[in-house]
Amino acid sequence: MDIINGLPLINKGECDDERSTTCGFRAQLPGIVDDLVGSCFSSDCFEHINADPLPSREKAIDLVERCQDILFPGYFRHHDIDKINLEYRMGLEVSALYDRLAVEITYAIRHECIRHNQTCQHCDQQGKQKAFAFIQSLGNIRKTLATDVKAAYEGDPAVSSYDEIIFCYPGIMAIMSYRIAHRLYELEVPILPRIMTEYAHSVTGIDIHPGAEIGNSFFIDHGTGVVIGQTCHIGNQVKIYQGVTLGALSFKRDDSGNLDRKSKRHPTLEDNVTVYAGTTILGGDTVIGAHSVVGGNVWLTKSVPAGSKVLLNPPELIIK
Amino acid sequence: MDIINGLPLINKGECDDERSTTCGFRAQLPGIVDDLVGSCFSSDCFEHINADPLPSREKAIDLVERCQDILFPGYFRHHDIDKINLEYRMGLEVSALYDRLAVEITYAIRHECIRHNQTCQHCDQQGKQKAFAFIQSLGNIRKTLATDVKAAYEGDPAVSSYDEIIFCYPGIMAIMSYRIAHRLYELEVPILPRIMTEYAHSVTGIDIHPGAEIGNSFFIDHGTGVVIGQTCHIGNQVKIYQGVTLGALSFKRDDSGNLDRKSKRHPTLEDNVTVYAGTTILGGDTVIGAHSVVGGNVWLTKSVPAGSKVLLNPPELIIK
Amino acid sequence: MDIINGLPLINKGECDDERSTTCGFRAQLPGIVDDLVGSCFSSDCFEHINADPLPSREKAIDLVERCQDILFPGYFRHHDIDKINLEYRMGLEVSALYDRLAVEITYAIRHECIRHNQTCQHCDQQGKQKAFAFIQSLGNIRKTLATDVKAAYEGDPAVSSYDEIIFCYPGIMAIMSYRIAHRLYELEVPILPRIMTEYAHSVTGIDIHPGAEIGNSFFIDHGTGVVIGQTCHIGNQVKIYQGVTLGALSFKRDDSGNLDRKSKRHPTLEDNVTVYAGTTILGGDTVIGAHSVVGGNVWLTKSVPAGSKVLLNPPELIIK
């Protein structure tokens, strides 16, 4: 057998039919498959091998896009909406969203039950309840998103129209996905909210945990690299720029040494706070008082009172 | 009626057909739809409900990909190009691009007219004019992009071939989208250019406003988190790394308190400037003189003369 | 001829058929096409005009997704896997992956041969060898990825289940793509590995060069803006956060002034090192000793011994 680059070369004389079941590389595949199957149930492999359906990224993205069509009517997938057909279109979209959401929430709940070896009680009914409760919130989510769009227009001299913001601002996409996911998180829907915000993270570079609490008129400009942790509290009229981290300072562990997954680990930003690019604010006890401005590249791990201006005393530059 | 998790449970005895039009959650959807429709025309909702077609993200992406096929022939969607069919293929692609671009530009112009309650004068003709003017620029855009590819090869030891740059460098994708969008911006095409650069931002993490002026042989390495503002001027042979912001220092307002959306707010980088990762340069009056090097993590809000080296005097580290 | 906005307006009287082949903008397209075709073979244009097939981004993404289905069975595209059909499904997937990988690797190798005007010796056989050698590694890659998933669960209080990590953590997606690409890189497959990791970069904002060496139990949290250079060495149990750069300090050139593309330019992180958000570590000789912790926003260009804690002495803040 010849060798090229240290790898065995099939001798064409020996085995000139690659599709042969008795020689060549393909003939060796079954052994590898056996090993891969055999190790599926060891601790070296995470598998999801059983017949229960589970929520999927594709379905979660579809749900976000269906919400988007209802929250910003006429902007995205259905351009042919006018005042004549609006009600019919909206009726179809809302009922389709309800149906699909009920199914996906049910999958998510049942999936958790099975993973934790619990009996699935009323999973199906809970799916419908939570889907309906979400649908009831769409009006309020739309109202809040309108304040976010206006805040973007107020906050950015480079924008020329509201439409530009709705069509192409990553901040609006990330905030919309967060507001949808956050409502599902409040309704204690498992896994689906995080899939939604991580989809937005992938598209925008803005990582907002669905557990964060965020007020109205929220504006994120540019946004790449923004991280907003699970237990953040953010007031109304807050504005943040690219590369801002609102994160945890350190992780507590319980008496058994397990991570404490429940305490407040991330900061609070009160109303009308502005945080410029690249700044990091850490810690569950850190409170940035109302109307404060935190400059760029600041590293802040303690509270500041309302009306503060926090600026970096810029490190000395060496200019040659 | 039973309650689970604080949400009402439909009593199956009362209403065992979820598709019933008189009971259950689905039966309550029409009321919610009415509210969502009714609020569409309030200030709490941004809608785009009328019959005029408008540019879409999907179409904008398609246009960028069609340009890409012409700018880098044979690399992307049509692999079967050879010297025999090149002219036919190029002819088909250029005429298809012209037709589609004319339509989308017309939509964008008409959309602006309607939004501003203006009569649409020559919108259709303007769409064709601007599309044609863009097509006339393709040769120059290709020439400039070739200098960008060469600059990437010169600037990055990790690359092994020009093809690798064209196939997979996010910087090239972002710069190409910018160069296409910038030409449309010069031609005063509304909204479409920004949709294009925000698409590239989404794919690459590199946010270049179509209004920026950028010379040839431009190289962005890695690129995630780069922000280049609307009124930046960037010379030839400039090289920047991930996380560099070329931004505004503060926003001016006019006498009525409205944001000044026209003055130069972003810096100027003269020829042969290099800016390393994580550096922020701010302000419309800030000029980085030719052949200067600005190190990583620098925060710079004032001009430096040609040939400067600007380094951070690194903040003291505490090493335990 | 009228003029609008400085652009010529076709006089409808002169030429009222836009599809006319003798007048109007469309009639002028052939001249532009001729110029674009003519310049294809100048140094102002990068083209790939010949009949040899080449690897494509779409195919590379498909390969990553096929690997994903084998590495995490049941999670992604095929939800209907159970213990009955597992072996059949896995057999189909492994043999399909082998076949497609062999084709794409062959294209990549042949593409390099043609670019360098070499005769293509055994390209086809090498494609099969390397594909087979890759398939043989799938079991080990799966084992290592399981350690990465466990490290994420251990490292992040915001996560509630392993499934959440596998479904939606960008870090796992980026690390999986890297581990696949790195094995192909070890097998000296050209171009394909980089297309794979740049795809993951686009989706996650995490840029890992396929040449880096990375141990098991690797955790990247949030991840946007992370850059890991080609010649990095990273030990086991290492944890890094968003915005961390492990980069080159400067580029060496050989005697002819060409970039040295081979020497170690990027740092070494020994076992159990943690690096917090926004930190930059540069240089091929820089070694971060085992069990060290490097705080956020640090700029580090020299080695530290095992067990170090490196913290920024935070620059003075001006709080008004």
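Miscellaneous remarks
- Residue-averaged beta-carbon neighbours from other chains (10 angstrom radius) around A:255-262: 2
- Near C:Leu317, the amide H atoms lying under 5 Å from its own belong to A:Asn313; only residues 5 or more places off or on other chains count, and H is placed 1.01 Å from N.
- Length-normalised contact order of chain B in % [C-alpha pairs under 8 Å, at least 6 apart]: 9 percent
- Calculated on the Cα set of segment B:202-277, radius of gyration then Dmax: 13.5, 42 Å.
- Per principal axis, descending, Cα span of chain A in whole Å: 81, 68, 50
- With 5 Å bins from 0: P(r) over segment B:44-108, alpha-carbon pairs, percent: 3, 15, 22, 19, 13, 10, 7, 5, 3, 2, 1, 0
- Residues whose amide H falls under 5 Å from that of C:Val294, counting only those 5 or more places apart or on a different chain, are C:Thr274, C:Val275, C:Tyr276, C:Val310, with hydrogens built in the peptide plane.
- Over 23 Å [Cα-Cα, segment C:132-274], rounded percent: 33 percent
- Relative contact order (%) - segment B:53-205, alpha-carbon pairs under 8 angstrom, separation at least six: 27 percent
- From largest to smallest, the equivalent ellipsoid semi-axes obtained for segment B:114-180 from the alpha-carbon gyration tensor read 37, 13, 8 Å.
- Computed from the Kirkwood radius of its Cα pairs, the Stokes-Einstein diffusion coefficient for segment C:236-320 at 10 °C and 1.306 mPa s stands at 114 µm²/s.
- The protein assembly as shown, Rg to Rh (Cα coordinates; Rh as Kirkwood inverse mean 1/r): 0.96
- Neighbouring partner chain Cβ atoms per residue of B:126-138, average, 10 Å criterion: 4
- If the segment from B:Gln136 to B:Lys309 were pulled out straight at 0.36 nm per residue, it would be longer than the present Cα-Cα gap by 58.2 nm.
- Taking 13 Å as the cut-off, the amide N atoms of segment A:123-146 that come nearer than this to a point 7 Å along the Cα-to-beta-carbon line of B:Ser42 belong to A:138-146.
- Value at 222 nm in deg cm²/dmol, rounded to 500, when DSSP H runs of n ≥ 4 in chain A each add -39,500 (n - 2.57): -13500 deg cm²/dmol
- Within-11-Å neighbourhood charge of A:Ala152 [Cβ basis; K, R +1; D, E -1]: -3
- When you filter the chymotrypsin sites (Phe, Trp or Tyr not before Pro) in segment C:242-320 for DSSP loop state and at most 16 other Cβ atoms inside 10 Å of their Cβ, you are left with C:Phe251.
- Distance between segment B:42-120 and segment B:272-320 - C-alpha centres, whole angstrom: 39 Å
- Exposure proxy ranking, count of Cβ atoms within 10 Å, fewest first, for C:Asp271, B:Asp69, B:Asp34: B:Asp34, C:Asp271, B:Asp69
- 10 Å Cβ neighbours from other chains, averaged over peptide B:264-271: 0
- For chain C, modelled as a GNM whose springs connect Cα atoms under 10 angstrom apart, the maximal fluctuation among C:Leu101, C:Leu71, C:Leu86 occurs at C:Leu86.
- Binning the C-alpha pair distances of segment B:151-233 at 5 Å intervals from 0 yields a P(r) profile of 3, 16, 27, 24, 17, 9, 3, 1 %, listed from the shortest bin outward.
- In order along segment A:234-246, the Karplus-derived 3J(HN,Hα) couplings, from 6.51 cos²θ - 1.76 cosθ + 1.60 at θ = phi - 60°, round to 10, x, 8, 6, 9, 10, 9, 10, 3, x, 7, 10, 10 Hz, and Gly and Pro are given as x.
- D by Stokes-Einstein for segment A:53-205, Kirkwood Rh over Cα pairs, 25 °C, 0.890 mPa s: 150 µm²/s.
- Modelled spin labels at B:Asp52 and A:His116, positioned 7 Å past Cα toward Cβ, are 5.3 nm from each other.
- Under the span-like rule (Cα at least 27 Å along the axis, Kyte-Doolittle mean at least -0.5), DSSP H helices of chain A: A:86-115, A:123-155
- Teacher prompt: A:Gln136 distances to equivalent labels in other copies, 7 Å Cα→Cβ, nm: 6.2, 6.2
- Extension reserve of the C:Lys302-C:Lys320 stretch, reckoned as 0.36 nm per residue once the Cα distance is removed: 2.9 nm
- Using the average count of surrounding beta-carbon atoms within 10 Å as a protection proxy, the listed peptides A:239-247, A:25-33 rank, highest first, as A:239-247, A:25-33.
Since every read-out is calculated from the coordinates, none of them should be taken as a lab result. Just so you know, these numbers come straight off a predicted model, no measurement behind them. Quick reminder, even Gly has a Cβ in these numbers, built from the backbone with ideal geometry, and neighbours come from all protein chains shown.
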